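Everything on this sheet refers to the single structure shown next.
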């Protein structure tokens, strides 16, 4: 018996608050105009959105707030309600609490009950890991419809009182790289208007013997370490490995599906930053592909980003079009990707 087609029915996204420009950051942190130029040149992000007030540091939105809104928009787009769901999967690296899991808070707010819920703790690959879990479960006989969510907020790790003038670039990067947001999609065994088929999802941990490229701590009262940074990155390692892993994942998806390069129409590349996206697409060297990116306007929103790309590409696709979405996680090195086809 052949596996059923799993359809991407709809996508919903949300960005908290007004966009924060590089000028806003420079003004808040009392930096010079060269700081703005450094962000443009080194990072390539012009705006981002925060779930907190930059002036006061006060939290304005929780992760559950954003994930619920994205979920509601995805359900509305698919024309279904919470009672139609068989499972919800959330990918995030920044849950509101250790317990209860944020996915269950979201389910409660959506009005969903008596369904399977899963929360995956992961960085940039978490959204595609969540797609993979939902896709595999829908291929079985028990479930027909899933809500998949990717969301992250950096509020708990972002300090608005730092003196950036004393920071070295390796530490400064995390202050300008990230933003907050949430996205969600409805997957179903039943097609809908404008839907596309999720042909394949692939996730591989490739970090054996390789030091983490990024770490994010979760401090409790008993394990706080003085002067220990909550977030750290080996940006040189990221610059070196992410483009290579992207090319590997892209080719593996094509080979797995029996597609050739010319049969792909859209590329949804990893969205670490605008500059890294340029490096990745240059390394792929496939100018015939239509690139779908948003990180220059949104900042790096972690697990939300793939859904913003998906929201953009679905209306572009016509019958026969194919799209490949990719994400690389540097925490312990995960390469992930998925393939869509409009039928």
**Asked** Using Cα atoms only, what is the angle between the long axis of helix 274-284 and the major principal axis of the chain, expressed in degrees (0 to 90) to the nearest 10?
**Response** 50
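With contacts defined as alpha carbon pairs under 8 Å and 6 or more residues apart, what's the relative contact order of the stretch 54-123 in percent? Don't skip to the answer; put the middle values down first.
Details: 72 pairs, mean separation 27.4, N = 70.
For the stretch 54-123, the relative contact order is 39 percent.
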**Prompt:** What does the highest-first list of 178-187, 303-312 look like by mean Cβ count within 10 Å?
**Reply:** 178-187, 303-312
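How long is the gain from residue 83 to residue 40 if the chain were fully straight, where each residue apart is worth 0.36 nm and the alpha carbon distance is subtracted?
Numbers: separation 43, 0.36 × 43 = 15.48 nm, distance 4.57 nm.
Fully extending the segment from residue 83 to residue 40 adds 10.9 nm.
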**Asked** What is the gain in length, in nm to one decimal, between residue 202 and residue 232 on full extension, counting 0.36 nm per residue of separation less the C-alpha to C-alpha distance?
**Response** 8.1 nm
**Prompt:** So how do 240, 291 line up by other beta-carbon neighbours within 10 Å, fewest first?
**Reply:** 240, 291
**Prompt:** Using a Gaussian network for the chain with springs between C-alpha atoms less than 10 Å apart, which of these wobbles most: 173, 99, 80?
**Reply:** 99
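How much length would be gained if the chain were fully extended between residue 56 and residue 319, taking 0.36 nm per residue of separation minus their Cα-Cα distance, in nm to one decimal?
So the extension gain works out to 89.8 nm.
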**Message:** Tell me the angle of helix 235-257 to the major Cα principal axis of the chain, expressed in degrees between 0 and 90 and rounded to the nearest ten.
**Reply:** 0
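Most exposed first by the Cβ proxy, i.e. fewest other Cβ within 10 Å, how do 165, 189 rank? Before the final figure, lay out the partial values.
Numbers: 165 11, 189 17.
Placing the least packed residue first, the sequence is 165, 189.
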**Fill in**
DSSP beta bridges in the chain: the antiparallel percent, rounded to 5, is 70
**Prompt:** For the peptides 130-137, 202-209, what is the packing order when you average, over each peptide's residues, the other Cβ atoms within 10 Å and list the highest mean first?
**Reply:** 130-137, 202-209
**Item:** Highest-fluctuation residue, 260, 106, 313 considered, GNM on the chain with Cα pairs under 10 Å
**Value:** 260
**Item:** Choice from 93, 38, 333 with maximal GNM fluctuation in the chain (Cα, 10 Å cutoff)
**Value:** 38
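Taking 8 Å as the Cα distance limit and 6 or more residues as the minimum spacing, I'd like the relative contact order of the chain as a percentage. Kindly include the intermediate steps, with their values, before the conclusion.
Values: 761 pairs, mean separation 87.9, N = 343.
Relative contact order, the chain: 26 percent.
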**Asked** How do 30, 5, 256 rank when sorted from fewest to most other Cβ atoms within 10 Å of their own Cβ?
**Response** 30, 256, 5
**Request:** Please list the radius of gyration and Dmax for the stretch 196-341, considering alpha-carbon atoms only, with Å as the unit.
**Result:** 16.6, 57
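Seen from all sides and averaged, what is the projected area of the convex hull of the Cα atoms in the stretch 7-188, in nm²? Don't skip to the answer; put the middle values down first.
Values: hull surface 43.3 nm².
Mean projected area of the Cα convex hull: 10.8 nm².
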**Request:** Please compute P(r) over all alpha-carbon pairs of the chain, binned at 20 Å starting from zero, and give each bin as a whole-number percent.
**Result:** 32, 59, 9, 0
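Since every read-out is calculated from the coordinates, none of them should be taken as a lab result. Just so we're clear, the structure is a prediction, and the values are computed from it rather than from any experiment. All Cβ positions, even for glycine, are placed from backbone atoms using ideal geometry, and neighbour counts span all protein chains on display.
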